[in-house]
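Trainee: Dropping a structure here in structure tokens format, bear with me for questions.
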Amino acid sequence: MAQTTRIWTPIDFELDGKQTGSLRLPISSDLSAYGWIPIPLVCIKNGDGPTAVLIAGTHGDEYEGQIALLELARSIEPSEVHGRIIILPALNFPAVEAGRRVSPLDEGNLNRLYPGEAHGTATQMIAHYMATVLLPMADLVVDLHSGGRSLDYVPCALVRPFADNDLDDRQMTMLRIFGAPFSCVTDGKGGGGDTTLPATAEKLGVPVITAELGGGAMLRSYGKELARLAVLRLLDHIDLRVDGALPQPEQTRVMVGGRGGFLYAEAEGLFEPASKPGDEVTAGQHAGYLHSIERPTEAPVGLVFNVSGVVACRRFPTLTRRGDCLYTVMQDFEPAERQ
Ligand SMILES: [Zn+2]
């Protein structure tokens with residue numbers, strides 16, 4: 001039997017106007033027996049219409065989306081809206097507060113724990129609330145990410161390839177409206193696969209667009225501004241608001257991603273990269289070196305790209321262990337690849 005969420009909120013999702021508050025994530029500890037952790041939440045509603053759920057802070061050390069959503073939460077007024085906008089700028093709040101990818105409460109990576117557990121750990125409870133309460137209400141979900149501490153990303157919007165062609169077409173249109181320099185169609189197998197928010201949303205038939213906006217646990221103003229404008233264009237696209245003054249999206253180059261384009265470290269060492277995010281590379285091209293720390297006179301391990309395409313992301317820290325992802329490479333999208 002499906003279990004009911006333990007997360008609750010004083011915000012009434014059916015009420016018109018702008019409400020600011022939080023989801024309340026129950027916690028029972030030595031110093032707070034009946035306590036809760038606040039997950040910031042803004043609901044902007046005016047009459048009937050579609051619902052958009054806007055998310056950042058799934059990973060706590062990714063900042064462009066967090067700040068873009070704070071700006072939108074402040075600037076969008078109910079009078080501009082025909083429907084409902086639910087904004088969660090710091091969804092895994094304990095991770096955001098700690099400046100970490102994962103939650104310090106349970107080491108939970110929110111985008112690896114969908115569809116979650118009603119009575120699970122803190123991070124599992126957040127995933128379960130999204131899967132059972134907010135995703136079913138949504139006509140559109142935007143989930144804003146960047147590379148965090150360990151990766152640096154080229155600005156890129158992403159969707160999963162859907163078996164349902166109608167939803168697929170809607171998502172391809174959304175990629176063009178988002179207007180990132182690159183777009184990527186990926187099943188997420190190199191990352192979270194079926195444990196992610198988009199995988200759960202697919203089962204519910206809810207379109208999701210994800211974005212990678214920068215990296216290195218720092219703020220890139222280009223990524224923040226792209227996210228802010230892209231979200232506004234998407235809200236206009238689903239008739240949630242209307243603003244003829246928005247700048248047109250830039251042309252996007254549609255690519256595909258997958259584990260085949262991942263380059264991993266096969267040894268520990270100090271990573272000296274030879275390419276950067278956005279670079280065009282070819283299979284067999286020199287990708288950098290791994291210098292051994294322990295064997296100073298040994299030649300460094302030479303790295304080569306295994307596919308041709310565009311570098312989507314590159315490892316940010318220099319210190320590297322065997323198994324760390326050094327690069328991912330996206331390849332040009334061929335429409336015939338669609339199922
Ligand atoms: Zn992320």
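Trainee: Each residue of the stretch 214-219 in order: what ³J(HN,Hα) in whole Hz does its phi give by Karplus 6.51 cos²θ - 1.76 cosθ + 1.60, θ = phi - 60°, with x for Gly and Pro?
Mentor: After applying 6.51 cos²θ - 1.76 cosθ + 1.60, I find x, x, x, 6, 10, 9 Hz.
Trainee: Going by amide H atoms built from the backbone, whose H comes under 5 Å of the H on Leu326, apart from near neighbours?
Mentor: Placed amide hydrogens put Leu263, Tyr264, Ala265 under 5 Å from Leu326.
Trainee: Then there is this: Count charges around His59 for me, please; just the other residues with Cβ under 9 Å from its Cβ, Lys/Arg as +1, Asp/Glu as -1. Don't skip to the answer; put the middle values down first.
Mentor: Numbers: positive: Arg100, Arg101; negative: Asp61, Glu62.
Residues close to His59 contribute a combined charge of 0.
Trainee: Could I ask something else about it? Highest first, please rank the peptides 293-306, 128-141, 12-25 by the mean number of other Cβ atoms sitting within 10 Å of their residues.
Mentor: 128-141, 12-25, 293-306
Trainee: Something else: Provide the net charge surrounding Ala90, with neighbours chosen by a C-beta distance below 12 Å and charges set as Lys +1, Arg +1, Asp -1, Glu -1.
Mentor: Combined, the nearby Lys, Arg, Asp and Glu give -3.
Trainee: Once Lys and Arg get +1 and Asp and Glu get -1 on their Cβ, which of Ala245, Leu235, Ser221 lies farthest toward the positive end of the dipole of the stretch 204-258?
Mentor: Result: Ser221, furthest along the dipole toward the positive end.
Trainee: Using modelled amide H (1.01 Å from N, peptide plane; none on Pro or chain starts), what sits under 5 Å from the amide H of Val256, excluding residues fewer than 5 places away?
Mentor: Placed amide hydrogens put Val185, Gln331, Asp332, Phe333 under 5 Å from Val256.
Trainee: Still on this structure: List the residues whose amide H sits under 5 Å from the amide H of Phe13, counting only those 5 or more places along or on another chain, with H placed 1.01 Å from N in the peptide plane.
Mentor: The answer is none.
Trainee: Spin-label point model (7 Å from Cα, Cβ direction): what's the Asp106 to Gln285 distance in nm?
Mentor: 4.3 nm
Trainee: Here's something else I'd like to know. Keeping to pairs on different chains or 8 or more places apart, tell me how many lysine pairs in the chain have Cα atoms under 25 Å apart.
Mentor: 6
Trainee: From Cα pairs below 8 angstrom and at least 6 apart in sequence, can you work out the relative contact order of the stretch 17-256, rounded to a whole percent?
Mentor: This gives 22 percent for the stretch 17-256.
Trainee: Does the stretch 169-223 come out rounded, prolate or oblate by the C-alpha gyration tensor, with a ≥ b ≥ c the root eigenvalues, rounded set by a/c under 1.5 and, if not, prolate when a/b is larger than b/c and oblate if not?
Mentor: Oblate.
Trainee: Please list log₁₀ I(q)/I(0) at q = 0.06, 0.14, 0.15 Å⁻¹ for the chain, using the Debye equation with identical point scatterers on the alpha-carbon positions.
Mentor: Rounded to two decimals, the profile gives -0.22, -1.12, -1.26.
Trainee: How would you rank 269-282, 54-67, 215-228, highest first, on the average number of other Cβ atoms within 10 Å across their residues?
Mentor: For the peptides 269-282, 54-67, 215-228, the packing ranking is 54-67, 215-228, 269-282.
Trainee: Using the Karplus curve 6.51 cos²θ - 1.76 cosθ + 1.60 with θ = phi - 60°, what ³J(HN,Hα) values do you get for each residue of the stretch 142-148, in whole Hz, with x for Gly and Pro?
Mentor: Karplus-based 3J(HN,Hα) across the stretch 142-148 equals 10, 10, 9, 10, 8, x, x Hz.
Trainee: Let me ask you something else. Please report, for the Cα atoms of the stretch 9-67, the Rg to one decimal and the Dmax as a whole number; what are they, in angstrom?
Mentor: That works out to 14.5, 45 Å for Rg and Dmax.
Trainee: So what J values fall out for the stretch 121-129 if you push phi through Karplus, 6.51 cos²θ - 1.76 cosθ + 1.60 with θ = phi - 60°, rounded to Hz, Gly and Pro as x?
Mentor: 6, 3, 5, 4, 5, 5, 4, 5, 4
Trainee: Please report the projected area of the stretch 145-253's Cα convex hull averaged over all directions, in nm².
Mentor: Computing the convex hull of the Cα atoms and averaging its projections yields 7.1 nm².
Trainee: A further question on this structure: State to the nearest 20 debye the size of the charge dipole of the chain about its Cα centre, where the only charges are +1 on K and R beta carbons and -1 on D and E beta carbons.
Mentor: 420 debye
Trainee: Along the positive direction of the dipole of the stretch 17-256 (beta-carbon charges: Lys, Arg +1; Asp, Glu -1; about the Cα centre), which of Gly65, Leu135, Leu31 reaches farthest?
Mentor: Final value for the positive-end residue is Leu31.
Trainee: Could you work out the mean projected area of the convex hull around the alpha carbons of the stretch 260-332, in square nanometres to one decimal? Provide the component values of the computation, followed by the final result.
Mentor: On the way: hull surface 17.3 nm².
About 4.3 nm², averaged over all directions.
Trainee: Given Cα pairs under 8 Å that are at least 6 residues apart, what percent is the relative contact order of the stretch 1-83?
Mentor: Averaging sequence separation for qualifying contacts and normalising by length gives 26 percent for the stretch 1-83.
Trainee: Just from its helices, what would the mean residue ellipticity at 222 nm be for the chain, if runs of 4 or more DSSP H residues each count -39500 (n - 2.57) and the sum is divided by every residue, rounded to the nearest 500 deg cm²/dmol?
Mentor: Calculated mean residue ellipticity at 222 nm is -6000 deg cm²/dmol.
Trainee: Hey, can you rank 150-160, 72-82 by average C-beta count inside 10 Å, highest first?
Mentor: Listed from highest to lowest mean packing, they are 150-160, 72-82.
Trainee: As a footprinting exposure proxy, order His237, His119 by other Cβ within 10 Å, with the fewest listed first. Write down the numbers at each step before the final one.
Mentor: Working: His237 15, His119 11.
Fewest-to-most ranking of His237, His119: His119, His237.
Computed from the coordinates by the stated procedures, all read-outs in this text should not be read as laboratory data. Note that the coordinates shown come from a computational prediction; the quantities given were computed from them, not determined experimentally. Methodologically, a virtual Cβ is constructed for each residue, glycine included, from the backbone with ideal geometry; neighbour enumeration extends over all protein chains shown.
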